[in-house]
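Trainee: Sharing a structure with you now.
Please treat every number below as a calculation from the coordinates, not as lab data. Note that the structure is predicted; figures quoted are calculated from it, not measured. Here Cβ is always computed from backbone atoms with ideal geometry, including for glycine, and neighbour counts include all displayed protein chains.
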Amino acid sequence: MAAPWQDVLRDAAAVREAAAVAVDAALLAGVLMRTGEQPNASDVVNYAPFTLLPSAVPRALFEQAYAVQQDFNLLVDAISQNKEFLEQTLASTIKVDDFTARLFRIYMQVLEEGLAQTVFLGINRSDYMFDCGLDGAAALRQIEINTIAASFGGLTSRTADVHKLVLKVLGKSEEASHLLPNNPAKGLALGIAKAWELYGSQRAVVMFLVENIQRNIFDQRCVEIELWNRNIRVIRKRFRDVFEQGSLDGCRRLYMDGQEVAVVYYREGYVPQTYDQQNWEARLLLERSRAVKCPDIATQLAGTKKVQQELSRPGTLEKLLPGHPQAIARIRATFAGLYSLDEGEEGDRMAATAIADPDRFVLKPQREGGGNNLYGEELRQVLEKIKDSPERTSYILMDKIKPQPALNYLLRAHSPLQVSECISELGIFGVYVRQGRELVLNQAAGHLLRTKAIEHADGGVAAGVAVLDTPYLV
């Protein structure tokens with residue numbers, strides 16, 4: 001799966017020159033992050049880390065990932081509307097995982113009160129790796145689907161132009177012309193704008209719910225600017241602001257500082273550390289409101305690892321998507337082996353298997369945001385400790401995917417220029433909008449390729465491990 005510039009990697013002078021051009025091009029294109037030292041200040045910024053060269057991606061697998069995205073949108077939406085499925089699937093998890101349990105309590109409380117929300121917006125990203133079989137053939141295998149705060153749709157919209165320039169500088173103009181256009185920022189904004197329009201108030205605003213520390217603000221600004229260009233007002237608030245300034249009127253319309261909010265777009269709220277008592281109260285206020293939440297709490301629960309594992313059981317997809325046999329076949333073709341650690345014979349057997357052969361598996365807790373999974377010896381030690389405890393039900397096991405490494409340079413501020421053996425992960429952004437029972441928008445909205453050195457088992461760009469990349473189809 002080598003890209004057609006392996007010759008370049010051996011030319012140190014050409015690499016140095018191309019890297020200098022690449023960094024300046026990234027700064028000019030707005031492939032930016034705030035610095036770790038000043039994460040809330042935009043007067044000192046640096047380029048977001050990225051690969052010097054685009055990485056080879058098998059064309060057939062890339063097309064397969066795009067072709068299944070609308071099916072995954074349909075599936076996530078179906079799960080979010082299926083109270084019985086969520087209750088049954090998460091029953092064991094919420095006994096031992098406090099974070100999932102608190103989300104679930106809000107979900108049940110809102111359902112009991114009756115949903116005020118009538119328009120639903122999903123922005124998700126389905127992530128894959130290319131599993132290299134014993135015969136050398138690569139297969140598309142889903143890692144996870146992110147249903148809340150799926151990031152880097154903005155910055156990746158600007159990365160391909162940087163790679164185009166680098167290839168031209170290296171004398172590869174023909175190859176540069178083959179890089180695909182990619183603009184997830186526009187696709188995500190289209191979904192938000194549609195939800196805003198269906199909410200039905202020209203005066204209402206879109207609220208980005210953001211973290212206290214906002215290093216990745218430029219990624220969000222890409223989407224925000226697309227909305228301003230459509231004359232849709234955007235405000236940025238934190239959970240604390242919602243607690244202090246948020247209110248509902250008699251029709252459960254949400255107001256912030258006297259402004260009606262049509263859409264709440266979460267770029268926060270996916271890790272337990274986010275929440276203190278005030279923030280949980282703010283989350284409940286948002287969920288009770290008529291505003292379009294992206295995601296609503298049911299859709300966040302649909303993205304849990306336990307749900308992912310349950311979907312791989314025979315017959316589950318058929319129950320969730322009756323009458324969609326082709327969609328089910330496309331979805332199932334992307335699944336890696338997924339296994340329950342629930343109490344009982346099946347869970348006992350899988351725990352013992354993983355302890356005996358830890359390198360075959362990944363141990364996944366119910367968490368988003370990268371850097372949470374366990375591998376190898378660490379996996380074995382944790383499972384040894386919790387194998388006879390109900391705590392193990394807060395994890396699932398997945399077959400470890402083994403991609404074929406390739407050489408590339410990972411450009412990071414203040415880091416030496418050196419070649420690394422790398423593996424890549426492909427994400428496809430999906431957007432859908434439902435009004436009542438009718439799906440009014442369902443599409444793939446662009447892609448994200450992230451690449452990391454093989455010594456790092458886990459973690460994305462925000463976690464400081466992976467870097468932005470562009471696929472070169474082979």
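Trainee: When the dipole is taken about the Cα centre of the range 159-274, and only Lys, Arg (+1) and Asp, Glu (-1) are charged at their Cβ, what size is it in debye, to the nearest 20?
Mentor: For the range 159-274, the charge dipole is close to 80 debye.
Trainee: Once amide H atoms are placed 1.01 Å from N in the peptide plane, what residues at a sequence separation of 5 or more from Asp296, or on another chain, have their amide H within under 5 Å of its amide H?
Mentor: Result for Asp296 returns Leu121.
Trainee: Follow-up question, since we're still on this one. Whole number please: convex hull volume per residue, Cα atoms of the range 21-179, in Å³.
Mentor: Spelled out: Cα convex hull of the range 21-179, divided by residues, is 216 Å³.
Trainee: Cross-link candidates for Lys452: which lysines have Cα within less than 17 Å, leaving aside residues fewer than 8 places away along the same chain?
Mentor: Lys400, Lys402
Trainee: Using only the Cα atoms of the range 337-400, each taken as one equal point scatterer with no solvent, compute I(q) by the Debye sum, divide by I(0), and report log10 of the ratio at q = 0.13, 0.22, 0.24 Å⁻¹.
Mentor: Evaluating at q = 0.13, 0.22, 0.24 Å⁻¹ gives log10 I(q)/I(0) of -0.27, -0.82, -0.98.
Trainee: Using the Karplus curve 6.51 cos²θ - 1.76 cosθ + 1.60 with θ = phi - 60°, what ³J(HN,Hα) values do you get for each residue of the range 145-156, in whole Hz, with x for Gly and Pro?
Mentor: Result, rounded to whole Hz: 10, 9, 10, 9, 6, 5, 9, 6, x, x, 5, 5.
Trainee: Something else now. Amide H of Gly427 versus every other amide H placed in the peptide plane: which residues, excluding those fewer than 5 positions away on the same chain, fall under 5 Å?
Mentor: For Gly427, the qualifying residues are Tyr128, Leu448, Leu449, Arg450.
Trainee: Two decimals, Cα atoms only, Kirkwood Rh: what is Rg/Rh over the chain?
Mentor: On the way: Rg = 22.1 Å, Rh = 23.1 Å.
We get a ratio of 0.96 for the chain.
Trainee: Note down the relative contact order for the range 337-400 as a percent, whole number, built from C-alpha pairs under 8 angstrom at least six residues apart.
Mentor: Computed value for the range 337-400: 47 percent relative contact order.
Trainee: How large is the charge dipole for the chain, taken about the Cα centre, if only the Cβ atoms of Lys, Arg (+1) and Asp, Glu (-1) carry charge, to the nearest 20 debye? Provide the component values of the computation, followed by the final result.
Mentor: Numbers: 53 positive and 59 negative charges, 209 e Å.
For the chain, the charge dipole is close to 1000 debye.
Trainee: With every atom except the alpha carbons ignored, what do you get for Rg and Dmax of the range 274-404, in angstroms?
Mentor: According to the Cα coordinates of the range 274-404, Rg and Dmax are 17.4, 51 Å.
Trainee: Aspartates and glutamates near Lys168 by alpha-carbon distance under 17 Å, same-chain residues fewer than 8 away left out - which ones?
Mentor: In chain and number order, the partners are Asp7, Asp11, Glu17, Asp24, Asp469.
Trainee: Still on this structure, I have one more. Under 22 Å from the Cα of Lys194, which lysines turn up, not counting those fewer than eight places away in the same chain?
Mentor: Within the straight-line limit of under 22 Å, Lys194 reaches these lysines: Lys186, Lys237, Lys293.
Trainee: Can you work out the Karplus-derived ³J(HN,Hα) for every residue in the range 229-238? Use 6.51 cos²θ - 1.76 cosθ + 1.60 with θ = phi - 60°, whole Hz, and x for glycine or proline.
Mentor: Result, rounded to whole Hz: 5, 9, 6, 9, 6, 10, 10, 10, 9, 9.
Trainee: Using only alpha carbon pairs under 8 Å that are at least six residues apart, calculate the relative contact order of the chain and give it in whole percent.
Mentor: So the answer I get is 26 percent.
Trainee: What is the antiparallel percent of DSSP beta bridges lying wholly in the chain, to the nearest 5? Could the numbers behind the result be given before it?
Mentor: Details: 60 of 76 bridges.
Antiparallel bridges: around 80 percent, rounded to the nearest 5.
Trainee: Place a point 7 Å from Cα of Ala13 in the direction of its Cβ. Which residues in the range 158-188 have their backbone N less than 18 Å from it?
Mentor: Hits in the range 158-188 for Ala13 at 18 Å: 169-172.
Trainee: Mind putting a number on the dipole of the range 337-400 about its Cα centre? Charges go on the C-beta only, +1 for Lys and Arg and -1 for Asp and Glu, and I need it in Debye to the nearest 20.
Mentor: The calculation lands at about 200 debye.
Trainee: Once the dipole of the chain is set up with Lys and Arg at +1 and Asp and Glu at -1 on Cβ about the Cα centre, which of Tyr375, Tyr270, Val45 lies farthest towards its positive end?
Mentor: Comparing the listed Cα positions along the dipole, Val45 ranks first.
Trainee: While we're here: Which Rg and Dmax, in Å, describe the Cα atoms of the range 329-474?
Mentor: Considering the range 329-474 through its Cα atoms, Rg and Dmax are 18.6, 54 Å.
Trainee: Enter the Cα centre distance for the pair the range 312-334 and the range 72-136, rounded to the nearest angstrom.
Mentor: 16 Å
Trainee: As a test of the formula, what do you get for the chain when each DSSP H run with n ≥ 4 contributes -39,500 (n - 2.57) and the sum is divided by the residue count, at 222 nm and rounded to the nearest 500 deg cm²/dmol? Working shown, then result.
Mentor: Working: 19 runs with 185 residues, N = 474.
Counting only the DSSP helices, I get -11500 deg cm²/dmol.
Trainee: Once phi is turned into θ = phi - 60°, what whole-Hz ³J(HN,Hα) does the Karplus curve with 6.51, -1.76 and 1.60 give for every residue of the range 97-112, x standing for Gly and Pro?
Mentor: Taking θ as phi minus 60°, the curve returns 10, 5, 5, 4, 4, 5, 4, 5, 4, 5, 4, 5, 4, 5, 4, 5 Hz for the range 97-112.
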